[in-house]
Amino acid sequence: MKKISTTISIAIATFNEASNISSCLDSVANWVDEIIIVDGQSNDQTVKISQKYPKTKVISVPNQPMFHRNKQLAIDHCHSDWILQLDADEVVSLSLKKEIQNLLRQPVSAVVENGFWLNRSNYFLGRFLKKGGQYPDPTLRLYKRGSGKLPCLSVHEQAVVPPPVGRLTSDLLHFADADFDRYLLRNNRYTTLMSEELTQPSFFDYLITKPLSTFFRIYFRHRGFVDGFPGFVFAYFSALSYFVAYIKYYGSRQKNLHRS
């Protein structure tokens, strides 16, 4: 087997991820060169668990509402030729590991692409969703050091990487919602960030048009119904997110008016 000639770092931002971080690190620890974790001062066992992995460096900083800032900080502290940015609830599949290792066997200067999109498979209510626009759910996570940067402007943003950008074929496994309670916690955080980004939103748009069009797109156009009850729940709560974000925006605006 040809010797791997280039190096790779893992960049992760964490906050209270004790239930997830071991699975994430187990999937990469024995073949990467460096793991950089920026932890937002977790109050669980996240840091203690992470420090059990020899290649891991943990940097403690305050947790931030715009979580991408801590992700970018982790990226900035990486030293390898390639950077794979992961979330703590993600696992690198064996097939994706082999694809990345094949890439690493080439000198970094011989690879024309500055980064690669990865397919992501999302676990929800006991199954990996295959429809509803949730697969392959491409995400731009692998890039040459110095090429990838997060804008830190939106909760759903992708990294910015100069072209050319390629695409790998194997899956990054995403266990964001091991149970529905965790989904609701994440949904609450995301709708809060959505509400903070709103500027004079239309009542009709956010309470009627966007929820209806979102549900129709996910459940019917993208055939979310194929995923059974989990597909329906995902479509329903995705649509409801616009409604919730508007309510949070309205409540925050009223609070500021009363203060003034």
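Within the stretch 131-138, can one find any residue that is closer than 21 Å to PHE215 by Cα, of a type in the set (Lys, Arg) and outside the structural domain of PHE229 (by TED's automatic domain parsing)? Yes: one or more hits.
Every residue, every condition in (1) touching a Phe, Trp or Tyr at 6+ places or on another chain (Cβ under 9 Å); (2) under 17 Å from CYS152 (Cα atoms), yes or no:
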residue	(1), (2)
ILE35	yes, no
GLY40	yes, yes
THR56	no, no
PRO62	no, yes
GLN72	no, yes
TRP82	yes, no
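Quick check: anything in the stretch 30-39 free of Cβ contacts under 8 Å to residues at least 24 places away in the same chain and more than 17 Å from the chain's Cα centre (by Cα)?
Of the residues in the stretch 30-39, the ones free of Cβ contacts under 8 Å to residues at least 24 places away in the same chain are 30.
Next, from what is left, pick out any that are more than 17 Å from the chain's Cα centre (by Cα): 30.
Scanning the stretch 30-39, I find at least one residue that is free of Cβ contacts under 8 Å to residues at least 24 places away in the same chain and more than 17 Å from the chain's Cα centre (by Cα), so the answer is yes.
The values are calculated or read from the model by the stated rules, or taken from the named source; none is laboratory data. Just so you know, these numbers come straight off a predicted model, no measurement behind them. FYI the Cβ positions are ideal-geometry reconstructions off the backbone, even for glycines, and counts take in every protein chain you see.
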